[in-house]
Amino acid sequence: MKLLIPERRRLSGGVHATIPVRESRTMNREFEARFTAILLALLTVAAALFAGFNYKIEHQSAIPDDGAWWMERNSRLVADRLEPNGPAERAGIRRGDAVVSINGRAVDTAAAVTRQLYYSGVWSKATYSLIRGSVPLDVEVVLVPADRSSNDWLRLIALIYLGIGLYVLLRRWTAVGSTHFYIFCLVSFVFYSLHYVGKFNAFDWTVLWANEVAWLLQPALFLHFVLTFPERRDFVNKHRSSIPLLYLPGAILLGIQIVALEYLKASARLRFELERVHWAYLTIFFVSAAAVLWRNYRQASTPILRQQLKWITRGTILAITPFTLCYVLPYLFGVMPSPTMKVSVLSLGLLPLTFGYAIFRYRLMDVDLIFKRGMAYTLAAAAIVGVYFAGVAAIALLVNTRVPSSGPYGLMVAIVVTALLFDPVRKWIQEKLDQFFYRTGYDYRRTLIEFGRELSSETDLDKMLSSLVDRLARTLLVDRIAIFLGNSDSSRFELSKSFGIAHVTGLDLSFLAKPRIEDAVGHIFFENTHQLPRENATAQEAIGRLDLNYYIPCHARQKTIAFLGLGKTMQGDFLSSEDVELLEALAGYIGIAIQNGRLYASLEQKVSEYERLKDFNENIVESINVGVMAVDLQDRIESWNSQMEVMYAQPRWQVVGRSLSEVFPAAFVEEFYRVRQNPGIHNLYKFRLGTPTGESRIVNVAMAPLVTRKFNVVGRLVIMDDITERIELEVQLTQADKLSSIGLLAAGVAHEVNTPLAVISSYTQMLAKQLQSDPQKAGLLEKITKQTFRASEIVNNLLNFSRTTGTELTEISLNKVIADTLALLEHQFKVAHIQVQSELYENLPLIQGNSGRLQQVFLNLFLNAKDAMSSGGVLNVATLNGEFVSVRVSDTGSGIAQEHIQRIYDPFFTTKTSPADGQNRGTGLGLSVTYGIIQEHAGNIRVESRPGEGTTFTLDFPLIRKAVHV
């Protein structure tokens, strides 16, 4: 495109041109350029000064207006058009009325009417003498200031034209066509900014003719620009006189205008017809320019040129279509300009507004971008202006209808309300227009926003890159895309994701890591990937196999961490500059997203390691056989391991977060508060801790401060070691030691006592036989004999208790032993009103034992239960199979006091010191013997009892371990 390429003209004469000739021509070109620059500067300053003075004068003086268009017709001055609800219509003037005089002064031309209006002044009453048909009448018309608000909008457009022209001229002074473009903008500035005010002094006449010349020159300049942009057409090259001929119609129209105004004193009808010819001339030239652009677009030889001309053509057509259809054609058919028609004229001026936005937004002189954005934003701006003023008018009408007395305040309310609604409407119109014109790849800004959101929301690097490649392929319609990720120091890159590229391996991508001149441009571009003379052999091979034309660096933290590679479009075109700039802007997001993805992956790895370490530590805490509890500084429980759950019978979810005083009994909380005030580690030994289930556990408690790495105390660590079973084992061991010592003593005592008892018993029986005739003495001897037998029984029990020799053990059934023992005591239970409930497990395994010895155990337990139920009750005997073969003997008797539980296995300890009727006084050896027999069978005996609720003895016997022969 020539606007983008500095002028490089070949000197005529080729190689035979001498250096002086070249220097002379160079000097001529420099002088020409300087002269042109000075001339354009002077013209620009003059135009700006004239526009400023014109604006000042226009706003200082008001032009009186009667709201009627007077036209000479049949030697009479007739009202041809009336402004709806204007001063003339309100005064009663109708179309076709002929005016004879104003304020008593005769008028026969439109110019005479204008002079009389100036004589009267604004807001004055002018008396019109009219003839309606053949009837004369007088009306009074209140003259109002002429509405010239549209001139301010035209001046704004003029400033935009001038600003765009200056920007292009200063940025692309040496580019072919830049001067032509600036002259077009300057002429457009004059056309839109200068408006005669009706005073017709020297300055006003200068403004009038400057506006006339600009009006006639603008269409010719535009068509000239089209015929030579982006390069001269073949027709122009063949017919060089065609360019000057473009300006001939304008010159002719200018001559006609001069003759009509200066010499013929043109009537209002003639001026109206000349204006219609002017508008037809402007329309024909703009339509011709659009046709030339369309033809050039259809015949474009290169994809880039075709892409540029496509948007130029569409932008031009869409700019002139509203003006032609809504203004020129109705005006040519005699329709007077209405507000809608006036707004449509602005479509010719809205195009530079969009050009300016594109140029300043993207900082380039890319016609493809300018016209593509220009087309959409022209339509958007036109639609928004129309909607805005329509909204103001509608709301003002509504306010005035509802509140007639609102006056100018109603209009202010309408403007405020419309301004509030303006932005949502503008966004909606812009979105719909973009969607219509850009179709599948429309709105690059939205695409960029969506990319930014997706890239920032996706933390998985692989998924993010896949989504990026897919979206770019669908949006830009390119045939090949690749993403190259760099290592930690960006010294080596490798292909990570691709689209449209066959599997390639062994590529040397070092060409991406080396510094290049293109780094300042923002991307690396290879026009031909198979002709790269500046690259080394390995780089040429890699670039050729990848066949990517664009390599866009992605930066993060001042480093290039990735490259985004793209090929041509599906149609074989290169990307437009807008596409490249979009990708350069997107590369920043991509770099940040890749950096975030890597950081997130590293963070995930560290989190995983932390989780493993945390799980390992928690497993240690959960696996130890002591209870561990952590408490914060407010005495709220923060940690509670599984052993605490088992020991205290409270699950973790019920206690975590609760206060220590809400979970533990007052005694423990009191001890905790007492020791926590002092630094260091504190211990509570054999502390009896009550649980929520009513049990009492004996624990060793250690309380230590919970500190951080910086030795800041954040809570307390409480460790509880449940030693309840250990204490029970110690009691049993103490009991066993005590029984062993007593057994040795009892064995010696029994042997010594048995001999005198036998002598006493023998002599007592001999005396009883001799004194059978004396009942009194015989009774005494019988009592002595019974007490001797009782003493002998006690001695025998002592011998059994102290016997240390092994008992022969065989495989026996506990169910049979229990059944035989119950059969022996059946009569006694019946007499004592005791109900026996036996729940014997049917398939109870055999154990190693001595049936005689075990029958003595059950006999002792059953008799003790019978004695405890003096008023009758229930005896429950059950056998169970599990880890042990167990027997449970329960009664509903009086129970055992807690202070006696630890002494029931002691020899000679008995609670039957005051036996009831039918009971024998206890010897205190029954449970002692029972305990010894259970120990002989490698078993265990436990007791649970509460006064008044009964007693339960549980006996556990080991299972038979049989050898397995393999």
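A compact table of results
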| read-out | value |
| --- | --- |
| Matching residues, segment 271-288, being over 58 Å from the mean Cα position of the chain (by Cα) and open to solvent by 50 Å² or more (accessible area, probe 1.4 Å) | ARG271, GLU273, GLU275, VAL277 |
| So ILE592, is it over 30 Å from MET703 (Cα atoms), surrounded by 15 or more Cβ atoms within 10 Å (Cβ to Cβ) and either touching a residue at least 40 places away in the same chain (Cβ under 8 Å) or among the β-branched types (Val, Ile, Thr) (or both) | yes |
| Residue match in segment 54-68 (condition: of a type outside the set (D, E, K, R) and without any contact (Cβ under 8 Å) to a residue 12 or more places away in the chain) | yes |
| Matching residues, segment 651-663, being in contact with a strand residue (DSSP E or B) (Cβ under 8 Å, 6 or more places away or on another chain) and outside any strand (DSSP E or B) | ARG652, VAL655, VAL656, GLY657, ARG658, LEU660, VAL663 |
| Criterion: farther than 25 Å from ILE284 by Cα, of a type in the set (Gly, Ala, Ser), at pLDDT below 80 and open to solvent by less than 50 Å² (accessible area, probe 1.4 Å) - qualifying residue of GLY198, GLY163, GLY177 | GLY198 |
| Options ALA88, ALA98: the member that is touching a residue at least 12 places away in the same chain (Cβ under 8 Å), under 28 Å from SER149 (Cβ atoms) and of a type outside the set (Ser, Thr, Tyr) | ALA88 |
| Filtered residue count, segment 116-147, keeping only those that are farther than 20 Å from GLU83 by Cβ and not small (Gly, Ala, Ser) | 6 |
| Members of segment 115-155 found to be basic (Lys, Arg) and either in a strand (DSSP E or B) or within 18 Å of TRP69 (Cβ to Cβ) (or both), listed by number | ARG115, LYS125, ARG132, ARG148 |
| Options ALA158, ALA62, ALA112, ALA79: the member that is of a type in the set (Gly, Ala, Ser), outside any strand (DSSP E or B) and more than 60 Å from the chain's Cα centre (by Cα) | ALA112 |
| Any hit, segment 768-782, residues being touching a Lys or Arg at 6+ places or on another chain (Cβ under 7 Å) and not charged (D, E, K, R) | yes |
| Scan of segment 588-633 for residues that are aromatic (Phe, Trp, Tyr) and touching a Leu at 6+ places or on another chain (Cβ under 8 Å), ordered by number | TYR589, TYR600 |
| Long-range neighbours under 8 Å by Cβ, at least six apart or interchain, first residue over 16 Å from PHE272 (Cα atoms) within segment 245-258, second part of a helix (DSSP H, G or I) and hydroxyl-bearing (Ser, Thr, Tyr) | PRO249/TYR281; GLY250/TYR281 |
| Test: residue in segment 663-677 that is open to solvent by 50 Å² or more (accessible area, probe 1.4 Å) and under 45 Å from the mean Cα position of the chain (by Cα) | no |
| Where LYS265 falls short, out of the listed (1) at pLDDT below 80; (2) surrounded by fewer than 16 Cβ atoms within 10 Å (Cβ to Cβ); (3) on the phi < 0 side of the Ramachandran plot | (3) |
| Residue match in segment 703-724 (condition: out of contact with any Pro (no Cβ under 6 Å at 6 or more places or on another chain), over 24 Å from GLY926 (Cα atoms) and in a helix (DSSP H, G or I)) | yes |
| Scan of segment 623-657 for residues that are closer than 13 Å to PRO692 by Cβ, surrounded by 14 or more Cβ atoms within 10 Å (Cβ to Cβ) and either under 40 Å from the mean Cα position of the chain (by Cα) or modelled with pLDDT of 90 or more (or both), ordered by number | VAL655 |
| Some residue of segment 570-579 being surrounded by fewer than 18 Cβ atoms within 10 Å (Cβ to Cβ) and over 22 Å from VAL478 (Cα atoms) | no |
| Of the criteria (1) in contact with a strand residue (DSSP E or B) (Cβ under 7 Å, 6 or more places away or on another chain); (2) modelled with pLDDT of 85 or more; (3) outside any loop (DSSP other than H, G, I, E, B), which one GLU518 fails | (2) |
| Enumeration of residues in segment 568-611 that are in contact with a strand residue (DSSP E or B) (Cβ under 6 Å, 6 or more places away or on another chain) and among the aliphatic types (A, V, I, L, M) | LEU583, ALA587, ILE590, ILE592, ILE594 |
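The rows are residues; the columns are (1) open to solvent by 50 Å² or more (accessible area, probe 1.4 Å); (2) over 15 Å from LEU575 (Cβ atoms); (3) in contact with a Gly (Cβ under 9 Å, 6 or more places away or on another chain); (4) assigned to a loop (DSSP other than H, G, I, E, B).
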{"site": "SER490", "(1), (2), (3), (4)": "no, yes, no, yes"}
{"site": "HIS503", "(1), (2), (3), (4)": "yes, yes, no, yes"}
{"site": "GLU535", "(1), (2), (3), (4)": "no, yes, no, yes"}
{"site": "GLN540", "(1), (2), (3), (4)": "yes, yes, no, no"}
{"site": "LEU548", "(1), (2), (3), (4)": "no, no, yes, yes"}
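Per-residue answers, yes or no, for (1) at pLDDT below 85; (2) surrounded by fewer than 19 Cβ atoms within 10 Å (Cβ to Cβ); (3) part of a helix (DSSP H, G or I):
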{"position": "ALA210", "(1), (2), (3)": "no, no, yes"}
{"position": "PRO219", "(1), (2), (3)": "no, no, yes"}
{"position": "HIS224", "(1), (2), (3)": "yes, no, yes"}
{"position": "ARG232", "(1), (2), (3)": "yes, yes, no"}
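The values are calculated or read from the model by the stated rules, or taken from the named source; none is laboratory data. Computed from a predicted structure; not experimentally measured. Quick reminder, even Gly has a Cβ in these numbers, built from the backbone with ideal geometry, and neighbours come from all protein chains shown. Side chains included, ligands, DNA and RNA excluded: accessible areas come from the protein's heavy atoms. Shrake-Rupley method; radii C 1.70, N 1.55, O 1.52, S 1.80 Å.
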